[in-house]
Amino acid sequence: MSARPRIDLDGVPLVDEHHPPMVIAVLRYRTTEGIVLLVPESADVLVPWQHVESATVNLATGEVRVVLRAPFVERQPWLRGAGSLVGRWTDRYEMSAGSAARLD
């Protein structure tokens, strides 16, 4: 296998969990300072960790979930009141169970 599979979250569209389907932001990447989100038709926005309640990736379902603290959401009009953003991560690299290294 020449390429290694990686978790690549750049480009995951995030919608308001309670009012889909409009994309509120696109996940870019994480830094030591916070999560970088792309606001559609705008620019990258750094959301500092102190404003993030939780940020998870479910490897079984591919769900990406970012929950933001209420005071931050209230001050950010681009969030449109969305405190819980969800999206679906999909692999760009396709690997079957047969091609994966097995540890029997």
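The values are calculated or read from the model by the stated rules, or taken from the named source; none is laboratory data. Values in this document were obtained by computation on a predicted structure and should not be read as measured data. Glycine gets a Cβ as well: all are built from the backbone with ideal geometry, and neighbour counts include every protein chain shown.
Give the number of residues within region 19-40 that are in a loop (DSSP other than H, G, I, E, B) and farther than 19 Å from G81 by Cβ. Give the steps one after another, and end with the answer.
Keep residues of region 19-40 that are in a loop (DSSP other than H, G, I, E, B), which gives 19-22, 31-33, 39-40.
Narrowing further to those that are farther than 19 Å from G81 by Cβ: 31-33.
Going through region 19-40 one residue at a time, the tally reaches 3.
Identify, from the list P13, P21, the residue that is under 22 Å from P77 (Cβ atoms) and either at pLDDT below 90 or surrounded by 14 or more Cβ atoms within 10 Å (Cβ to Cβ) (or both).
P13
Confirm whether T90 is surrounded by fewer than 11 Cβ atoms within 10 Å (Cβ to Cβ) and at pLDDT 90 or above.
no
Could you go through region 97-104 and let me know if any residue there is under 16 Å from the mean Cα position of the chain (by Cα), modelled with pLDDT under 95, at negative phi and assigned to a loop (DSSP other than H, G, I, E, B).
Checked against the condition, which is being under 16 Å from the mean Cα position of the chain (by Cα), modelled with pLDDT under 95, at negative phi and assigned to a loop (DSSP other than H, G, I, E, B), region 97-104 yields no hits at all.
Does at least one position in region 39-55 carry a residue that is closer than 15 Å to R88 by Cα and surrounded by 12 or more Cβ atoms within 10 Å (Cβ to Cβ)?
Step one: filter region 39-55 for residues closer than 15 Å to R88 by Cα, giving 55.
Filter once more, so that each one left must be surrounded by 12 or more Cβ atoms within 10 Å (Cβ to Cβ): 55.
Scanning region 39-55, I find at least one residue that is closer than 15 Å to R88 by Cα and surrounded by 12 or more Cβ atoms within 10 Å (Cβ to Cβ), so the answer is yes.
Can you run down the residue pairs with Cβ atoms below 7 Å, 6 or more apart or on separate chains, where the first is in region 64-77 and touching a residue at least 12 places away in the same chain (Cβ under 8 Å) and the partner is surrounded by 15 or more Cβ atoms within 10 Å (Cβ to Cβ) and among the aromatic types (F, W, Y)?
V64/W89
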